[in-house]
Amino acid sequence: MLPSSRLQEPYKSAVRFTVVGSTGTLIQYAWYWIFLLIFEHWLPAHELTTLAFTIGFVLEMISNYCLTAWYTFESKPSIKNLGGFLTGRAVNYLIQISLLHFLLWAHFNEEFSGFAAILIAGIINYFVVKIFFRKEQNTTNQNSEE
């Protein structure tokens with residue numbers, strides 16, 4: 001039985017988002033770390049950090065969309081929620097990359113900075129993405145009541 005199956009909304013989607021977000025954080029951070037290790041001698045540190053972080057973000061985003069639609073918000077993928085998801089992810093990326101570079105500027109190491117940026121931005125992202133999936137659910141519920 002999944003951890004959110006006994007909970008009522010709005011807690012169910014928050015727990016599910018945490019499960020999906022934790023999985024996504026591990027995926028993104030793993031790719032970030034792998035790319036830092038593989039290319040550390042090929043690129044300047046500043047370029048490498050940004051490139052590795054962006055590659056990890058894009059790879060994680062693909063799985064995150066499907067899991068967010070089907071599992072977190074129990075919705076079907078659609079153009080509407082894909083647009084909302086991509087908008088939320090664009091905001092999320094800007095927050096993540098800004099936090100990453102701020103933490104690096106503040107002399108934190110690359111490993112901590114990457115993880116902290118992903119974690120903080122993920123919490124903010126929940127509230128952004130929730131808006132788009134919630135609207136679709138309400139529309140679907142209204143149509144089925146008619």
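The values are calculated or read from the model by the stated rules, or taken from the named source; none is laboratory data. The shown structure was predicted, so the numbers you read here are calculated from the model rather than taken from an experiment. Cβ coordinates were reconstructed from backbone atoms using ideal geometry, including for glycine residues, and neighbour counts include every protein chain displayed.
So, in segment 71-85, how many residues would count as being within 20 Å of VAL58 (Cβ to Cβ), surrounded by 14 or more Cβ atoms within 10 Å (Cβ to Cβ) and of a type outside the set (Gly, Ala, Ser)?
The qualifying residues number 3.
Given the criteria of a type in the set (Gly, Ala, Ser) and modelled with pLDDT of 85 or more, does ALA69 qualify?
no
Does at least one position in segment 90-111 carry a residue that is touching a Gly at 6+ places or on another chain (Cβ under 7 Å), modelled with pLDDT of 80 or more and part of a helix (DSSP H, G or I)?
Of segment 90-111, the ones touching a Gly at 6+ places or on another chain (Cβ under 7 Å) are 100.
Among the residues that remain, those that are also modelled with pLDDT of 80 or more are: 100.
Add one more test, that the residue is part of a helix (DSSP H, G or I), and what stays is 100.
Yes, segment 90-111 has at least one match.
Residues in segment 112-119: is at least one modelled with pLDDT of 75 or more, of a type in the set (Phe, Trp, Tyr), surrounded by 14 or more Cβ atoms within 10 Å (Cβ to Cβ) and part of a helix (DSSP H, G or I)?
Our first condition is that a residue be modelled with pLDDT of 75 or more; within segment 112-119, this holds for 112-119.
So of that shortlist, the ones also of a type in the set (Phe, Trp, Tyr) come out as 112, 115.
Add one more test, that the residue is surrounded by 14 or more Cβ atoms within 10 Å (Cβ to Cβ), and what stays is 115.
Filter again for part of a helix (DSSP H, G or I), leaving 115.
Yes - at least one qualifying residue is present in segment 112-119.
Return the pair list, or none, for Cβ contacts closer than 6 Å from residues in segment 36-63 that are on the phi < 0 side of the Ramachandran plot and loosely packed, with under 13 Cβ neighbours inside 10 Å to residues that are hydroxyl-bearing (Ser, Thr, Tyr) and assigned to a loop (DSSP other than H, G, I, E, B), at least 6 apart or on different chains.
Sorted first by the residue in segment 36-63, then by its partner, the list stays empty.
Could you say whether any residue in segment 67-78 is of a type outside the set (D, E, K, R), assigned to a helix (DSSP H, G or I), closer than 16 Å to LEU100 by Cβ and touching a Gly at 6+ places or on another chain (Cβ under 9 Å)? Steps first, answer last, please.
Quick first cut of segment 67-78, residues of a type outside the set (D, E, K, R) only: 67-73, 75, 77-78.
Next cut, assigned to a helix (DSSP H, G or I) only: 67-72.
Of the ones still in play, those that are also closer than 16 Å to LEU100 by Cβ are none.
No, that holds for no residue.
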